Every structure is written in structure tokens, then in C-alpha cells.
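Working notes, structure below.
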Amino acid sequence: MAGTRTFTMLKPDAVEDNNIGNILQMITDAGFKIVAMKLRKLTEDEAKEFYAVHKDRPFYGELVEYMTSGPIVAAVLEKENAVEDFRKLIGATNPAEAEEGTIRAKYAESIGRNAVHGSDSDENAKIEADFHFKPEEYVA
Ligand code: IDP
Ligand code: MG
């Protein structure tokens, strides 16, 4: 039976640090199935729209600049309880507070450059996946 879906991005620091393989290995080892994936650079308009919920936060400009500083890997992941389980796998936003063994504890540099994105609800997972992928880009 198909599970639920979440959306992730391996952020520019993760790609720049050659951690694509390490992070995808952690994701698949944790039981997530990759059902869509691409490597690309976000435009400034795309980064602004993707993070529009944070537009009034003091770090918004810095966030948009960082997210457009290099390529990202966008992917849709499938697993039972995907959204919650993936947030557990990535750890806290600030890697200093992320539990040992989480992706951010291992590979994030700072609260800003924190290696990976994970959707925070089923509703946002769908919105974010639709933002990055057309129906024909899915393998399942
Ligand atoms: P999340 O990625 O764990 O869901 P959010 O609060 O939704 O965290 O923030 C989105 C992204 O904005 C974070 O992943 C991080 O890259 C960046 N960010 C959040 N808080 C700060 C901050 O205080 N300084 C700089 N960047 C931040
Ligand atoms: Mg968030």
C-alpha cells in the first residue's frame, strides 16, 4: 500500500559539501521511497515564493540569498507517516539543538545553513511538491 508523502530539499550547503549521497543514503535507510527527484538551481523569485511564509522575518533576505547560492536537490518521499517521520529524521532547525544521529546534527553548519528542508504538514507537503514537480515527473 502506498504511504503518505513529504517534500524535501537538500539545500545548497549540502550539495556544496558533497553530502548528496550521504543524505540520500540516510533517507532511504530510514525507509523513505524516492518517488520524484531533481537537481537544479532555484531562481530568486522561486526562493521568495517557496519561503513566502517567512517574508516578514529578519532572516528572509539571507534565506533567499542562501537558497539561490547554488543547486538544490528537490525530492518527494513516500512512507507511512512521512511528514512527521521525516521531521524526526532531519532534527531541529538549529543543528546545535538537533538530536544526535539526525541529518542536521551530522551535516548542518548553522541555523541558516542547515542542509535540508522537510515539509511541516501534509497540506504543505502537497503544496511544496506541486511547486517543484509536474505529475509526469513522478515514477509512482
Ligand atoms: P524548518 O526548516 O526547520 O522548518 P523554519 O522555521 O520553517 O525551519 O525556517 C525555514 C528556514 O529558514 C530554516 O530551515 C533555515 O534555513 C532558515 N532560518 C530559520 N531561522 C533562521 C534564523 O534565525 N537565522 C537564519 N536562518 C534561519
Ligand atoms: Mg519550516
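Structure data summary
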read-out: Total residues in segment 105-122, condition near ligand 1 (Cβ under 8 Å from one of its atoms) and among the charged types (D, E, K, R); value: 2
read-out: Selection from segment 81-104 of residues that are under 20 Å from residue 62 (Cα atoms) and within 11 Å of ligand 1 (Cβ to nearest atom); value: 92, 93, 94, 95, 104
read-out: Neighbours by Cβ (under 7 Å, 6+ apart or cross-chain): first from segment 90-117, without any contact (Cβ under 8 Å) to a residue 24 or more places away in the chain; second surrounded by 13 or more Cβ atoms within 10 Å (Cβ to Cβ) and part of a strand (DSSP E or B); value: 104/116
read-out: Qualifying residue in segment 121-129 (condition: more than 16 Å from residue 50 (Cβ to Cβ), in contact (Cβ under 8 Å) with a residue 24 or more places away in the chain, among the small types (Gly, Ala, Ser) and not in a helix (DSSP H, G or I)); value: no
read-out: Those residues of segment 70-97 which are buried (at least 20 other Cβ atoms within 10 Å of the Cβ) and of a type in the set (Gly, Ala, Ser), in sequence order; value: 74, 75, 82, 91
read-out: Close pairs (9 angstrom Cβ cut-off, 6 or more residues apart or separate chains): without any contact (Cβ under 8 Å) to a residue 60 or more places away in the chain in segment 6-27, part of a loop (DSSP other than H, G, I, E, B) anywhere; value: 15/70; 15/71; 16/69; 16/70; 16/71
read-out: Of all residues in segment 123-140 being among the charged types (D, E, K, R) and loosely packed, with under 15 Cβ neighbours inside 10 Å, the one that is farthest from ligand 2 (Cβ to nearest atom); value: 136
read-out: So residue 110, is it loosely packed, with under 14 Cβ neighbours inside 10 Å and over 15 Å from the mean Cα position of the chain (by Cα); value: yes
read-out: Condition met for residue 49 (of a type in the set (Asp, Glu), more than 13 Å from the chain's Cα centre (by Cα) and away from ligand 2 (no atom under 15 Å from the Cβ)); value: no
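Computed from the coordinates by the stated procedures, all read-outs in this text should not be read as laboratory data. Because the structure is a prediction, the values reported are computed rather than measured. Neighbour counts run over all protein chains shown; Cβ positions are idealised from the backbone, glycine included.
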